Amino acid sequence: MADIALSGIKKAYGKAEVLHGIDIDIKHGEFVVFVGPSGCGKSTLLRLIAGLEPITDGELKIAGKIVNDLTPSQRKIAMVFQSYALYPHMTVYKNMAFGLTLGNKGPLGGLLGGGENKKLIDEKVQKAAKSLQLEEYLDRYPRELSGGQRQRVAIGRAIVRDPNVFLFDEPLSNLDAALRVNTRLEIAKLHQDLDATIIYVTHDQVEAMTLADKIVVVNEGHVAQCGSPLELYHHPANKFVAGFIGSPSMNFLEGKVTATSEQYIEAILDYDGSTVQLPVQSRTTKVGEKITVGIRPEHLQEGVDLPFQLKARVNVVERLGDASYLYLENGADDPLCMKTDGHSTIKSGDTVEFSANLTAVHVFNADGNALTRTTTDDRYTAPTLSS
Ligand code: ADP
Ligand code: MG
């Protein structure tokens, strides 16, 4: 069992602190994805867990034991990097077996030691090759493989070492779009087959959503939110997570609070000067404060059947077949985006009315923190609006 617990983890390079106190609990067998924009500290965090860099402050526990001072190989962790770093002069077989014959000389150490017998190594390589569908390629050289196959060899090299924990740092970012989807599925299947914990780093929120049991959104060296993909999607704790998870991004409308009561707040939107009532707790905002209203493109629909209503001119229509995205004029700000079905005849230049359920509307206070909704009932209408 390899539960992993990070508490108060900090990392500084010289005077520059890049991780500011990270707390994360990972259960044995979980697939955890660290996601966040480039430079937010994902790789650094992974390297601290792997033991490739010293931890500046805080505690890292694996299976209940503090491992801050253990070497990478003592931690029984295997890391798969973005650049596959295969040995070009070695066959696939040799590439996979190499880590096992290295003893403790390699960067992550050999788990079996130099004297381990050939038969055991062969068994491990064959088994890994089978699970990665690489059996036919064992005699080939890396240059004779596709990008996806090379990535699988790199993963195989990690598997043969029987680690408790696999760390992946953007393993798909060198692959083209189709291969990315394929390899993503393979990694998901691998996780089902192996009884191992996986920590996976990516800047791609779609990868995070599709692979993770648990997503850790990292922003500027802090954890912005940690939760299941759907928790983050439906209940983002702050504006950063709301804008980062989901594609196209959530729409944001600025406004100002004009009245509050226990169950809802009233705000005037900069967008069109309209007043909206929103079913959120008023405790963390007050009259006169700026708020941001967030709505996902897929929660807006044509017509005025739902209580949250807006009207706008269509600037651009993107037709994808199954769906179309309408980009709506929004003054100087980013355009608003609305998802509509692929048969919609709306074209650029049209003015459309559209609406959303109040329970699909997110409200963030001036600090960017989400206000708690007071109802989850889609039929809810705020006091002075009628649907
Ligand atoms: P990510 O993987 O999320 O893109 P990184 O963890 O690579 O981000 O980097 C986080 C921050 O730490 C960046 O500002 C980066 O410049 C800095 N950083 C990373 N490695 C070093 C290093 N060896 N020395 C100094 N600064 C570093
Ligand atoms: Mg990185």
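The values are calculated or read from the model by the stated rules, or taken from the named source; none is laboratory data. Worth saying up front: this structure is predicted, and the values here are computed from it rather than measured. Cβ sites come from the backbone with ideal geometry, for glycine too, and all protein chains shown count toward neighbours. For the accessible areas, the whole protein counts, side chains as well, though only heavy atoms, and no ligand, DNA or RNA atoms are used. Shrake-Rupley method; radii C 1.70, N 1.55, O 1.52, S 1.80 Å.
The numbered conditions (1) assigned to a helix (DSSP H, G or I); (2) within 16 Å of ligand 2 (Cβ to nearest atom); (3) among the β-branched types (Val, Ile, Thr) are all true for residue 199 except (1).
Inspect region 233-250 for any residue being in contact with a Leu (Cβ under 7 Å, 6 or more places away or on another chain) and open to solvent by 10 Å² or more (accessible area, probe 1.4 Å) and give the result as yes or no.
Initially, region 233-250 is screened for residues in contact with a Leu (Cβ under 7 Å, 6 or more places away or on another chain), giving 241, 245.
After this cut, where a residue has to be open to solvent by 10 Å² or more (accessible area, probe 1.4 Å) as well, the list is none.
No, there is no match, as no residue in region 233-250 is in contact with a Leu (Cβ under 7 Å, 6 or more places away or on another chain) and open to solvent by 10 Å² or more (accessible area, probe 1.4 Å).
Of all residues in region 2-33, exactly one satisfies the criterion of being touching a residue at least 12 places away in the same chain (Cβ under 8 Å), at positive phi and not in a strand (DSSP E or B), namely 29.
Looking only at region 34-50, decide whether some residue is assigned to a strand (DSSP E or B) and open to solvent by less than 10 Å² (accessible area, probe 1.4 Å).
Yes, region 34-50 contains a residue that is assigned to a strand (DSSP E or B) and open to solvent by less than 10 Å² (accessible area, probe 1.4 Å).
Residues in region 51-102 that are at pLDDT 90 or above, within 16 Å of ligand 2 (Cβ to nearest atom) and touching a helix residue (DSSP H, G or I) at 6+ places or on another chain (Cβ under 7 Å): 1 in all. Given 156, 221, which one is within 16 Å of ligand 2 (Cβ to nearest atom) and in contact (Cβ under 8 Å) with a residue 40 or more places away in the chain? Result of the check over 156, 221: 221. What is the residue count in region 1-31 for residues that are closer than 20 Å to residue 240 by Cα, more than 16 Å from ligand 2 (Cβ to nearest atom) and open to solvent by less than 10 Å² (accessible area, probe 1.4 Å)? Residues flagged as closer than 20 Å to residue 240 by Cα, more than 16 Å from ligand 2 (Cβ to nearest atom) and open to solvent by less than 10 Å² (accessible area, probe 1.4 Å) within region 1-31 amount to 1.
Between 212, 196, 208, the distinction of being open to solvent by 10 Å² or more (accessible area, probe 1.4 Å) and either over 18 Å from residue 128 (Cα atoms) or touching a residue at least 12 places away in the same chain (Cβ under 8 Å) (or both) belongs to 212 only.
Hey, could you check region 113-145 for residues that are basic (Lys, Arg) and open to solvent by 80 Å² or more (accessible area, probe 1.4 Å) and say which is modelled with the lowest pLDDT? By that ranking, first place goes to 118.
Here's the yes/no breakdown for (1) in the same structural domain as residue 220 (by TED's automatic domain parsing); (2) within 16 Å of ligand 1 (Cβ to nearest atom); (3) aromatic (Phe, Trp, Tyr):
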{"position": "43", "(1), (2), (3)": "yes, yes, no"}
{"position": "52", "(1), (2), (3)": "yes, yes, no"}
{"position": "66", "(1), (2), (3)": "yes, no, no"}
{"position": "71", "(1), (2), (3)": "yes, no, no"}
{"position": "75", "(1), (2), (3)": "yes, no, no"}
{"position": "79", "(1), (2), (3)": "yes, yes, no"}
{"position": "90", "(1), (2), (3)": "yes, no, no"}
{"position": "93", "(1), (2), (3)": "yes, no, yes"}
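Can you pull out the strands (runs of 3 or more DSSP E) entirely within region 277-387 that have at least 3 residues that are open to solvent by 10 Å² or more (accessible area, probe 1.4 Å) and farther than 22 Å from residue 233 by Cβ? Because the criterion is at least 3 residues that are open to solvent by 10 Å² or more (accessible area, probe 1.4 Å) and farther than 22 Å from residue 233 by Cβ, the strands (runs of 3 or more DSSP E) in region 277-387 that meet it are 308-319, 351-356.
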